[in-house]
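The values are calculated or read from the model by the stated rules, or taken from the named source; none is laboratory data. None of these values were measured; they are calculated from a predicted model. Here the Cβ positions follow ideal geometry from the backbone for every residue, glycine too, while neighbour counts run over all protein chains shown.
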Amino acid sequence: MISAAVQHHTTRYSDCGLFMGIFMLRLIENTQKCNLRTVAAAKVYKHLVEECNTYLKGDSCGCKVPIDFTSCDSLIALACSMITSKPACMLNCKETQHISSLITQAFLYSIPCNSSGVSCFGRTVTIGIEGQSVSDSSVFPGLLVDVPEMFEPADLNRLGLGSGPFKVVLFNASLSGDISEIGDVILEIHRGVDPEHDLLQQLLKLGEQVVKDKVRLFACQKVVHPILQHYLRKRGVVVIERLGLALMEPFVQIT
């Protein structure tokens, strides 16, 4: 449960979860030292959380800082104050200023430009690379997608060519050609018919139409048949499979 709680926290807030993990373990440790029953401790901590939330949402909260969103300087200053409060980062003044600017830039990218109803901030993902200088850090707007191992630099060049947008096709169904994934149905198969071969032929017909429509990016939530992948890649189509359910909605929005 502790591991699941930390993972949920890091997924939601995109930080390392160190403070949250230490704080949670100290609460459990203090509960044991005070010989509190688990039910009583849970009620106390729940009450404290509610009190903290009420205070943070109130107008008298001392943690709130007035920010002028018409000026980036105040946002950068706020980011800088947070970084300088963490000496373990071991950043000099120039690096602190650079990271503060990047944090502000990433925050502004996360704000939706045009949205009706309740707005939802975008998610910012931080990727650490060992051996690189802090000054090499940068912000990239868009959607972070895990690509297959066979993904080559030529594929990126193929997507980057041209100034205009390129065609994308996205599937949320499996394209593996596995007949067992059809579901709990009864199939009537005639003698001499190979259902898996026929499924593959249908997939290749789909691939022919994709190439004919000049699609440059072929994406699928689940698995794509290796032969279909090979067919598409040989004809210059970039294939990304196993996107997963979590990336489907943002992928649709961004394309």
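Quick check on my filter: what residues within segment 237-255 are part of a loop (DSSP other than H, G, I, E, B) and at pLDDT 85 or above? Quick ask: steps written out before the conclusion?
Initial filter on segment 237-255 (part of a loop (DSSP other than H, G, I, E, B)): 237, 241-244, 255.
Selection gives 237, 241, 242.
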### Task
For segment 195-213, indicate whether the set of residues that are part of a strand (DSSP E or B), at pLDDT 85 or above and on the phi < 0 side of the Ramachandran plot is non-empty.
no
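Listed here are the residues, each with its yes/no results for (1) at pLDDT 90 or above; (2) polar (S, T, N, Q); (3) under 28 Å from the mean Cα position of the chain (by Cα); (4) not in a helix (DSSP H, G or I).
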| residue | (1), (2), (3), (4) |
| --- | --- |
| 4 | no, no, yes, no |
| 9 | no, no, yes, no |
| 12 | no, no, yes, no |
| 16 | no, no, yes, yes |
| 19 | no, no, yes, no |
| 23 | no, no, yes, no |
| 26 | yes, no, no, no |
| 36 | no, no, no, yes |
| 47 | yes, no, no, no |
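Among the candidates 224, 237, which residue alone is in contact (Cβ under 8 Å) with a residue 40 or more places away in the chain, buried (at least 19 other Cβ atoms within 10 Å of the Cβ) and of a type in the set (Val, Ile, Thr)? Spell out the reasoning first.
On the way: 237 fails: in contact (Cβ under 8 Å) with a residue 40 or more places away in the chain.
It is 224.
Does residue 102 meet the test of being within 24 Å of the chain's Cα centre (by Cα), within 17 Å of residue 132 (Cβ to Cβ) and outside the structural domain of residue 13 (by TED's automatic domain parsing)?
Values: within 24 Å of the chain's Cα centre (by Cα): yes; within 17 Å of residue 132 (Cβ to Cβ): yes; outside the structural domain of residue 13 (by TED's automatic domain parsing): yes.
Criteria met by residue 102.
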### Query
Is it true that some residue in segment 68-79 is surrounded by 10 or more Cβ atoms within 10 Å (Cβ to Cβ), in a loop (DSSP other than H, G, I, E, B) and at pLDDT below 85?
yes
